[in-house]
Amino acid sequence: MSTSSTARSIIATVLGLAVAASASCAPPAPRTARGDPIERSDLVLGTVCTLRLLDGGSEAALDAAFARLREIEDRMSANKAGTTVAAVNAAAGSGPVKVPADVLFVLGKALYYWTLSGGAFDPTIGPVVKLWNIGMDGERIPSVSELQAALPLVGAGSVRIDGAASTVYLPRAGMLLDLGAIAKGYAADEVGRILLERGVKAAVIDLGGNIMVLGKKADGTPWRVGVQDPSDDRGSYIGIAELPGGTTVVTSGIYERYFVGEDGVHYHHILDPATGYPVRNGLVSVTVIAESSIDADGLSTTLFALGLERGMALAESLPGVEAIFIDAENRVYASEGAGSIFRLSDGAYTMATLP
Ligand code: ADP
Ligand code: MG
């Protein structure tokens with residue numbers, strides 16, 4: 001009944017990496033003084049993760065970074081058996097579960113974005129995510145009665161956290177935590193921290209299109225990171241952002257995970273906690289540029305869910321955060337600060353301003 005986008009997403013991610021990496025690192029600098037770049041890719045956190053060390057570091061640094069990525073997956077994935085999040089979910093309605101400090105930290109951030117968004121971002125969206133299964137086996141359009149049964153289980157306001165005991169409790173049976181909108185950003189921050197601790201002086205971290213650039217390029221010029229073209233699965237970009245090291249670029253879009261139903265409608269994976277249906281507000285993607293990837297990831301989903309006007313107002317109110325919104329009419333809206341670091345290069349798109 002549906003066309004799966006999973007295979008397509010993975011291909012897009014790999015090619016997207018080629019674009020991002022070449023955009024970030026071109027032209028290749030002479031590597032004699034700094035040694036050859038070391039690169040490794042692996043499937044973690046449900047996506048292709050690629051780390052490219054351009055100055056300093058070693059295979060051991062890559063080992064440590066990938067080990068941490070797998071640890072984060074083993075704690076925070078909602079789609080995998082045996083994770084900490086799965087244990088919290090299994091104990092919904094029966095009792096609190098002790099969790100590691102990092103899970104508490106990521107959940108705390110997710111609850112912050114829930115508050116900031118007035119509930120448009122909600123890490124307890126799990127029961128609705130599970131009904132749709134978008135991007136996974138068994139994706140389908142849930143019935144109205146299924147959605148009506150799931151929606152009362154959504155509501156981050158009821159999550160109980162005991163910081164001293166380091167426990168999380170979902171008070172109603174059937175509640176499900178889903179940190180999928182924010183865990184990859186946290187993972188990028190953690191990889192950045194580990195690489196810097198291990199002496200890496202320049203690197204590109206790409207967790208399925210969630211990009212972070214670290215340190216300085218050999219020629220001293222800014223990093224150049226492509227902003228994904230939302231209409232193109234093949235990983236091309238609509239323009240380039242020029243950025244200093246220690247910056248992350250995260251996009252949430254409707255082209256990443258979706259399926260086309262028998263009704264011809266495009267159903268994507270950012271869901272409205274109020275209705276249970278994919279958010280439909282005329283946007284096709286939101287890219288956030290910031291220093292912290294957990295914030296950029298939480299915000300890209302948040303701003304998408306809020307829509308252009310409210311999302312842009314929120315982005316402009318946050319120091320150190322820039323955002324680029326793309327709508328279905330190929331209009332590109334940049335926050336004030338993004339206007340000076342981002343340059344549109346694809347003639348199919350036009351820069352626009354809010355009235
Ligand atoms: P991606 O993970 O593809 O980079 P996002 O960061 O935007 O994209 O996260 C989307 C994921 O977040 C969904 O697959 C789902 O697990 C979860 N999610 C969907 N809708 C919401 C929402 N309104 N609030 C919080 N999380 C959501
Ligand atoms: Mg996100």
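Some points to look at:
- Residue within segment 131-149 that is among the aromatic types (F, W, Y), more than 10 Å from ligand 1 (Cβ to nearest atom), within 30 Å of D206 (Cβ to Cβ) and open to solvent by less than 30 Å² (accessible area, probe 1.4 Å) present: no
- Filter pass, S231 being under 30 Å from K130 (Cβ atoms), touching a strand residue (DSSP E or B) at 6+ places or on another chain (Cβ under 8 Å), of a type in the set (G, A, S) and modelled with pLDDT of 90 or more: no
- Single residue of segment 63-96 satisfying the filter (farther than 13 Å from L177 by Cα and among the aliphatic types (A, V, I, L, M)) that is surrounded by the most Cβ atoms within 10 Å (Cβ to Cβ): A65
- Candidate set from segment 111-135 (those that are within 18 Å of the chain's Cα centre (by Cα) and among the β-branched types (V, I, T)); member that is modelled with the lowest pLDDT: I134
- Residues (buried (at least 24 other Cβ atoms within 10 Å of the Cβ) and either within 10 Å of ligand 2 (Cβ to nearest atom) or over 17 Å from P355 (Cβ atoms) (or both)) located in segment 298-314: G298, L299, S300, T301, T302, L303, F304, A305, L306
- The single residue among A183, A202, A156 that is crowded, with 19+ Cβ neighbours inside 10 Å, at pLDDT 95 or above, within 23 Å of the chain's Cα centre (by Cα) and away from ligand 1 (no atom under 16 Å from the Cβ) turns out to be A202.
- Candidate set: segment 256-271, residues that are buried (at least 17 other Cβ atoms within 10 Å of the Cβ) and away from ligand 2 (no atom under 14 Å from the Cβ); chosen: the one modelled with the lowest pLDDT: Y258
The values are calculated or read from the model by the stated rules, or taken from the named source; none is laboratory data. Everything numeric in this text was worked out from a predicted model, so none of it was measured. Glycine also receives a Cβ, built like all others from the backbone with ideal geometry; neighbour counts cover every protein chain displayed. With ligands, DNA and RNA removed, areas are computed over all heavy atoms of the protein, side chains included. Shrake-Rupley method; radii C 1.70, N 1.55, O 1.52, S 1.80 Å.
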